[in-house]
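Contents: one structure, followed by commentary.
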Amino acid sequence: MSFVCQACGGSDLKPFYRVPRVPAHSCLMFDTRREALAFPRGELDIVFCRGCGFIQNRAFDASLTRYSAAYEETQAYSPRFLEFLRELCDDQIARFGLGPGRTALEIGCGKGEFLVMLCERSGCRGIGLDPSYRPERTRSEAASRIEFIRDFYGPRYAHLQADYICCRHTLEHIGPVREFMRLIRSTIGDRREVAVSFELPDTERVLEEGAFWDVYYEHCSYFTRGSLARLFRATGFELLDLYKVYDGQYLIIEARAAAGPTEAAFAAEDDLERIEALVERFADRVARYTEMLAREVCAHKQAGGRLAIWGSGSKGVSFISALGLGEELDAVVDINPHKHGKFLAGSGHEIVGPGALQQIRPELVYVMNPIYTEEIRRILEELGLRPRLVPLAGLDDARDLPAATAIPRAAATGCDAGTLRT
Ligand SMILES: [Zn+2]
């Protein structure tokens with residue numbers, strides 16, 4: 001049987017971006033370089049559904065993924081991120097009237113930061129599910145009101161009832177998205193007072209920016225506002241709101257059980273043509289972007305410079321893998337102390353804390369998420385360092401990318417063929 005769209009079941013799929021060998025995980029931490037280098041690789045074969053706009057990796061093989069306690073996805077060591085989380089909590093509490101006597105269920109709660117904060121700030125009870133949850137990391141008076149289940153959500157948890165069901169940065173890791181939404185919908189039944197809130201990366205921005213570092217194996221499913229809204233409607237939900245947060249990086253959809261079929265309610269849902277146009281130019285944009293970055297890295301190394309990247313999560317792994325960075329990269333920095341001394345899947349680089357840069361003294365630092373640029377600048381200044389910070393985003397608008405074919409690679413970079421591959 002041929003592959004069909006996992007959101008609508010349609011078969012009019014347009015392949016538009018392919019990378020043959022990428023690390024199957026990017027947030028899994030390894031104790032040794034050997035293990036990190038040996039970790040399985042998979043293929044990206046990204047397709048766009050002309051019927052519903054859903055984007056997915058047709059080559060995704062769930063058996064290559066290992067979500068466990070060694071999965072280190074949290075961004076909660078960043079003050080900027082914690083501030084966002086607090087604002088989000090307070091907004092959700094106000095929108096859905098969360099408080100004592102009510103229950104919040106979080107599917108894919110990670111280390112539990114959001115759920116704990118939500119329960120602390122509202123007084124509600126919580127249930128959180130995630131195989132990578134680590135009980136020793138939760139220190140809160142609200143912990144006694146929260147039940148954590150270290151497992152994936154599935155039909156065996158259909159009995160869990162809540163007034164508020166949230167699912168943050170999880171749907172994009174799930175292949176059979178329609179099946180998943182149907183399961184959640186079936187647990188709600190006709191309780192129309194139950195609020196459902198999902199947060200996930202916005203793919204419209206990724207396509208616009210040619211942000212290849214945001215396309216990686218762990219994410220097998222990619223949504224824009226239109227495709228997300230269509231999936232929710234098709235699985236029996238009525239939309240309450242649809243919007244972007246965190247400088248436009250994330251999408252939020254809020255819904256409840258629909259009494260019957262619903263019509264599109266938000267202008268942003270009507271994006272099929274626009275997304276298809278973005279999809280058509282994505283691969284070319286990525287090729288030009290990687291070319292430009294490779295030239296920049298080569299020129300820097302040839303001048304005897306040292307180079308670091310800040311952010312060892314998925315964006316970092318994807319960036320290193322796409323540029324083929326090996327010894328050119330002098331440091332991979334992360335502020336999460338649980339990552340220090342561990343090794344990155346695929347490239348095998350060791351992750352260090354910001355303090356290590358005092359010895360390495362890089363002149364150039366690529367910032368994997370631009371939202372943290374000012375926070376990083378301050379940390380570096382406290383260490384007495386002032387490298388050039390290059391945030392990865394917005395280049396699309398700020399710089400005119402040259403056509404990839406116009407640059408004869410070897411001549412332009414002067415790099416040895418084996419030094420960099422793009
Ligand atoms: Zn579809």
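Can you name every residue in segment 193-236 that is within 16 Å of the ligand (Cβ to nearest atom) and hydroxyl-bearing (Ser, Thr, Tyr)? Walk me through it before giving the result.
In the first step, residues of segment 193-236 are kept if they are within 16 Å of the ligand (Cβ to nearest atom); the result is 203, 220-235.
The answer is Thr203, Ser221, Tyr222, Thr224, Ser227, Thr235.
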Report task. Of the conditions (1) crowded, with 17+ Cβ neighbours inside 10 Å; (2) in contact with an Asp or Glu (Cβ under 7 Å, 6 or more places away or on another chain); (3) outside any strand (DSSP E or B), Ala264 clears all except one; give me its number. Result -> (1)
Query raised in the report: If you check Thr290 against the conditions, is it assigned to a loop (DSSP other than H, G, I, E, B) and either polar (S, T, N, Q) or closer than 30 Å to Ala356 by Cα (or both)?
Result: no
Requested in this report: Within segment 22-36, work out how many residues are of a type in the set (Val, Ile, Thr) and surrounded by fewer than 17 Cβ atoms within 10 Å (Cβ to Cβ).
Outcome: 1
Query - Within segment 151-166, tally of residues that are under 26 Å from the mean Cα position of the chain (by Cα) and either surrounded by fewer than 15 Cβ atoms within 10 Å (Cβ to Cβ) or hydroxyl-bearing (Ser, Thr, Tyr) (or both) - result: 6
Query - segment 37-46 - residue that is away from the ligand (no atom under 16 Å from the Cβ) and hydrophobic (A, V, I, L, M, F, W, C) and, of those, surrounded by the most Cβ atoms within 10 Å (Cβ to Cβ) - result: Leu44
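So which of Tyr153, Tyr133, Tyr222 is touching a strand residue (DSSP E or B) at 6+ places or on another chain (Cβ under 6 Å) and more than 23 Å from Cys89 (Cβ to Cβ)?
Working: Tyr153 fails: more than 23 Å from Cys89 (Cβ to Cβ); Tyr133 fails: more than 23 Å from Cys89 (Cβ to Cβ).
The match here is Tyr222.
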Query raised in the report: Do any residues in segment 146-157 that are farther than 16 Å from Gly126 by Cβ have Cβ atoms under 8 Å from those of residues that are in a strand (DSSP E or B), where the two are at least six apart or on different chains, and which pairs are they?
Result: Phe152/Leu129
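Among the residues that make up segment 169-188, is at least one of them in contact with a Lys or Arg (Cβ under 9 Å, 6 or more places away or on another chain) and either basic (Lys, Arg) or not in a loop (DSSP other than H, G, I, E, B) (or both)?
So the first thing to find is which residues in segment 169-188 are in contact with a Lys or Arg (Cβ under 9 Å, 6 or more places away or on another chain), and the list is 188.
Within this subset, residues satisfying the condition of being either basic (Lys, Arg) or not in a loop (DSSP other than H, G, I, E, B) (or both) are 188.
Yes, segment 169-188 contains at least one residue that is in contact with a Lys or Arg (Cβ under 9 Å, 6 or more places away or on another chain) and either basic (Lys, Arg) or not in a loop (DSSP other than H, G, I, E, B) (or both).
Tell me which residues, restricted to segment 3-36, are more than 22 Å from the chain's Cα centre (by Cα) and more than 14 Å from the ligand (Cβ to nearest atom).
At the first step, the residues of segment 3-36 found to be more than 22 Å from the chain's Cα centre (by Cα) are 3-4, 8-14, 31-35.
If the condition is that a residue be more than 22 Å from the chain's Cα centre (by Cα) and more than 14 Å from the ligand (Cβ to nearest atom), then Asp31, Thr32, Arg33, Arg34, Glu35 are the ones that fit.
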Query raised in the report: Thr203 is checked against (1) buried (at least 23 other Cβ atoms within 10 Å of the Cβ); (2) free of Cβ contacts under 8 Å to residues at least 24 places away in the same chain and fails just one. What number does that condition carry?
Result: (2)
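Can you tell me which residues in segment 189-204 are outside any loop (DSSP other than H, G, I, E, B) and either in contact with a Lys or Arg (Cβ under 8 Å, 6 or more places away or on another chain) or closer than 30 Å to Arg156 by Cβ (or both)?
Let us first name the residues in segment 189-204 that are outside any loop (DSSP other than H, G, I, E, B), namely 195-201, 203-204.
Listed by number, the residues that qualify are Ala195, Val196, Ser197, Phe198, Glu199, Leu200, Pro201, Glu204.
If you take just the strands (runs of 3 or more DSSP E) that sit entirely in segment 48-158, which of them hold at least 1 residues that are farther than 30 Å from Pro20 by Cβ and more than 16 Å from the ligand (Cβ to nearest atom)? Spell out the reasoning first.
Working: elements: 55-57, 103-107, 125-129, 146-149.
So the answer is 103-107, 125-129, 146-149.
No lab work stands behind these numbers, since they all come straight from the coordinates. Treat the numbers as computed from the prediction; the structure is a model and nothing was measured. Heads up, the Cβs are rebuilt from the backbone with ideal geometry, glycines too, and the neighbour counts pull from every protein chain shown.
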